[in-house]
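Reading through the structure tokens given below for one structure.
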Amino acid sequence: MALLDWITPDPSLVVRGDGVTLRPPRQGDYPAWSQLRDRSRHFLQPWEPAWPEDDLTRQAYKRRLAIYAREMDLGTAYPFFVFRDEDDVLVGGVTLSNIRRGVADTGTLGYWIGQPYVRQGHASAAVGAVTRFAFDRLNLHRVEAACLPSNAGSRGVLQRCGFELEGRARAYLKINGEWRDHLLFGLVREGPGREE
């Protein structure tokens, strides 16, 4: 049962990175998550979809967990919270979503880091760990990501993790209530069968 998996998560869903540990969100993470998101609201909102009025409530968090559980059961998304290894503090989140199998074997990467923890390497460590998870554990061929052209920090994270800039998409995503252009990045798994 999916709910039971969230209460006692499968240890194979723990992903380790450079100084960070990633695992699926749990009910007990709500206080730390809501406090970090609230504290980082003005920092995060310019880069994210508009937050619903009830976004930080316990009820909304429960709905979020139910969606996560369903997506993981279907194999279409893997959400993780990012914890700093030195003190097990929640610093952000990363999600591999829109997983498409068959001729694509690809997924889309999204991430956020709470304002108190930016520019400390946590985003790069989390993105690197999830990318390895996508290629080594899920056997995906490609991982995609996008960021606003003005988000130099996010662009730097992707480039440090080996993603290549592939283009610009006009009015790609609705961010903070407005359709915004995005830079598109991709990373292809190295190995047999890759055409140059």
* Out of all the residues in the stretch 32-49, which are open to solvent by less than 60 Å² (accessible area, probe 1.4 Å) and of a type outside the set (S, T, N, Q)? -> 32, 33, 36, 37, 44, 46, 48
* Asked: So is residue 76 surrounded by 14 or more Cβ atoms within 10 Å (Cβ to Cβ), modelled with pLDDT of 95 or more and β-branched (Val, Ile, Thr) or not?
  -> yes
* Structure fact -> Per the filter on the stretch 34-52, residues modelled with pLDDT under 95 and out of contact with any helix residue (DSSP H, G or I) (no Cβ under 9 Å at 6 or more places or on another chain) are 45, 46, 48, 49, 50
* Test: residue in the stretch 144-151 that is of a type in the set (Asp, Glu) and within 13 Å of the chain's Cα centre (by Cα) -> yes
* Does residue 81 satisfy the condition of being in contact with an Asp or Glu (Cβ under 8 Å, 6 or more places away or on another chain), modelled with pLDDT of 95 or more and not charged (D, E, K, R)? -> yes
* **Matching residues, the stretch 97-127, being assigned to a strand (DSSP E or B), under 16 Å from residue 163 (Cβ atoms) and open to solvent by less than 20 Å² (accessible area, probe 1.4 Å)** => 106, 107, 109
* Total residues in the stretch 50-62, condition within 18 Å of the chain's Cα centre (by Cα) and surrounded by fewer than 14 Cβ atoms within 10 Å (Cβ to Cβ) -> 1
* Sort through 160, 180, 155, 170 and tell me the only one that's open to solvent by 50 Å² or more (accessible area, probe 1.4 Å) and in contact with a helix residue (DSSP H, G or I) (Cβ under 9 Å, 6 or more places away or on another chain). => 160
* Asked: From the list 163, 135, 83, which one is within 18 Å of residue 26 (Cβ to Cβ) and among the aromatic types (Phe, Trp, Tyr)?
  -> 83
* Asked: Would the stretch 129-152 turn up any residue that is small (Gly, Ala, Ser), touching a residue at least 60 places away in the same chain (Cβ under 8 Å), open to solvent by 10 Å² or more (accessible area, probe 1.4 Å) and over 19 Å from residue 76 (Cβ atoms)?
  -> no
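The values are calculated or read from the model by the stated rules, or taken from the named source; none is laboratory data. Note that the coordinates shown come from a computational prediction; the quantities given were computed from them, not determined experimentally. Neighbour counts run over all protein chains shown; Cβ positions are idealised from the backbone, glycine included. For the accessible areas, the whole protein counts, side chains as well, though only heavy atoms, and no ligand, DNA or RNA atoms are used. Shrake-Rupley method; radii C 1.70, N 1.55, O 1.52, S 1.80 Å.
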